[in-house]
Amino acid sequence: VMVSTRVSGSRDLIAFASSFSNGPAGIVVVNKGKIAQIVKVELDHFIPGEKYYYYTMIGDNDNGEFSRKVIINGETTDRVAGGPENYDSLAAMAAPIKGGIVLDSPPYSAIYMLVDGHKDLTDVENTELNVPNQFSLQQNYPNPFNPSTAMDYHLHKSGFVRLTIFDVTGKRVRTLVEEHQTAGFHQFVWNGSDDNGRQLPSAVYYYSLQTDNYVETKKLTLIR
């Protein structure tokens, strides 16, 4: 039976699916709209495994609405056109299937996904696909953003993680993550609200990732 998929969230979302003889399913989700969407993927005629892996591809905004650059999982090129220099070895993002397949789909983006099937694709505990070789915090996307933006970060080792938002005065306005997390690739989608659920005004903010032995901070812009 041919595997099929459905996505919910917006008419701007389109999904395609196919299955492979060794078990996994391949899925492409396209957001043809100008607003970021939270995507929930559902599969028919398919028994999922434990993990799914994905790449998110968007256009850069270095030249206004038109750019010849491509950003894949937060990485791009220093050249005037093209994608990441290491695209042939760029690790996929990974997440557990338990609880459903839910992703952030940036405006005008394509997400390429591989979902474990009843025949396991790989031993995910021992593959470089699932465990990065260093800690890192990626640039959020989209940026500037409204109404939501995604922050990807890579954990080389399991441990306590804190991901927070600060305003330009250094005041903490939102704690996004404050918990123990396993090594791997993680993502948080922020909707621009503070710790009390109130929507923050247009401004430049900073988001900071802190672990036991790693701290990195990046800048983002919220536009209402």
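The values are calculated or read from the model by the stated rules, or taken from the named source; none is laboratory data. This structure is a prediction, so every number in the text was calculated from the model and none was measured. Cβ atoms come from the backbone with ideal geometry, glycine included; neighbour counts cover every protein chain shown.
Yes or no: the range 207-224 includes at least one residue that is farther than 23 Å from Asn73 by Cβ, of a type outside the set (Asp, Glu) and at pLDDT 90 or above.
As a first pass, look at the range 207-224 and keep what is farther than 23 Å from Asn73 by Cβ: 212-213, 223-224.
Next, only the ones that are of a type outside the set (Asp, Glu) stay: 213, 223-224.
Right, trim to at pLDDT 90 or above and you get 223.
Yes, because at least one residue in the range 207-224 is farther than 23 Å from Asn73 by Cβ, of a type outside the set (Asp, Glu) and at pLDDT 90 or above.
Mind checking which pairs have a first residue in the range 139-163 that is in contact (Cβ under 8 Å) with a residue 40 or more places away in the chain and over 14 Å from Lys218 (Cβ atoms) and a second that is hydrophobic (A, V, I, L, M, F, W, C) and in a strand (DSSP E or B), Cβ under 6 Å, 6 or more apart or different chains?
Ser148/Val189; Val161/Val177
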